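What follows is a short report on a single structure.
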Amino acid sequence: MAIEDPHKKEIFLLLLKTNPARGGFWQNVTGSVEEDESILAGAVRELAEETAIFCKISEIIDLDYSFSFRSQYGEDVEESVFLAIISKRQSIEIDPSEHEAFVWKNAEEVVPANFKFTSNYSAFLKAINFMRGRM
């Protein structure tokens, strides 16, 4: 998720910190698709569940980027990357069973070390490149 300030030409990225039981690392909003749910509907639902920000499917941008990995449970996972753009900072409510903190970070300050997984950083770069193309 990102917010843009067109007056200052700034882009901010929302990062969530997983709770200690889930590893205590920073990441983008992530999640899985439930049975009989489209990928876009899953993105909308996960955004709402993890942040309490509600949007419509039409407000989610498919960045046409995906990657595969093996989960901590030994499952093969394919993750698709989407972007939700909001015009102002909204109140965030995180689920303590998943996350312990969040931060809005200026895109210019984000570095690979902000993420545990290079795939999450690659997703961030895709989103930022899309956003910069809009400015």
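Every number here is computed from the coordinates shown, using simple stated rules; none is lab data. These figures come from a predicted structure and were not determined experimentally. As a convention, Cβ positions derive from the backbone with ideal geometry for all residues, glycine included, and neighbour counts pool all protein chains shown.
Identify all residues within the range 16-32 that are of a type in the set (A, V, I, L, M, F, W, C) and either surrounded by fewer than 16 Cβ atoms within 10 Å (Cβ to Cβ) or farther than 19 Å from ASP62 by Cα (or both); write none if there are none.
Step one: list which residues in the range 16-32 are of a type in the set (A, V, I, L, M, F, W, C), which gives 16, 21, 25-26, 29.
LEU16, ALA21, PHE25, TRP26, listed by residue number.
Going by the conditions given, is VAL111 closer than 14 Å to GLY31 by Cα and either free of Cβ contacts under 8 Å to residues at least 60 places away in the same chain or touching a helix residue (DSSP H, G or I) at 6+ places or on another chain (Cβ under 6 Å) (or both)? Before the answer, list the steps.
On the way: closer than 14 Å to GLY31 by Cα: no; either free of Cβ contacts under 8 Å to residues at least 60 places away in the same chain or touching a helix residue (DSSP H, G or I) at 6+ places or on another chain (Cβ under 6 Å) (or both): yes.
Here the answer is no, as VAL111 does not meet what is asked.
Kindly indicate whether PHE54 is farther than 19 Å from THR118 by Cβ, surrounded by 10 or more Cβ atoms within 10 Å (Cβ to Cβ) and in contact (Cβ under 8 Å) with a residue 60 or more places away in the chain. First the steps, then the outcome.
Working: farther than 19 Å from THR118 by Cβ: yes; surrounded by 10 or more Cβ atoms within 10 Å (Cβ to Cβ): yes; in contact (Cβ under 8 Å) with a residue 60 or more places away in the chain: no.
Here the answer is no, as PHE54 does not meet what is asked.
All but one of (1) under 15 Å from the mean Cα position of the chain (by Cα); (2) within 17 Å of SER122 (Cα to Cα); (3) in contact (Cβ under 8 Å) with a residue 40 or more places away in the chain hold for SER66; state the number of the condition that does not hold.
(3)
Could you name every one of the strands (runs of 3 or more DSSP E) located completely within the range 1-117 that has at least 3 residues being of a type in the set (D, E, K, R)?
The strands (runs of 3 or more DSSP E) meeting that bar are 60-70, 76-86.
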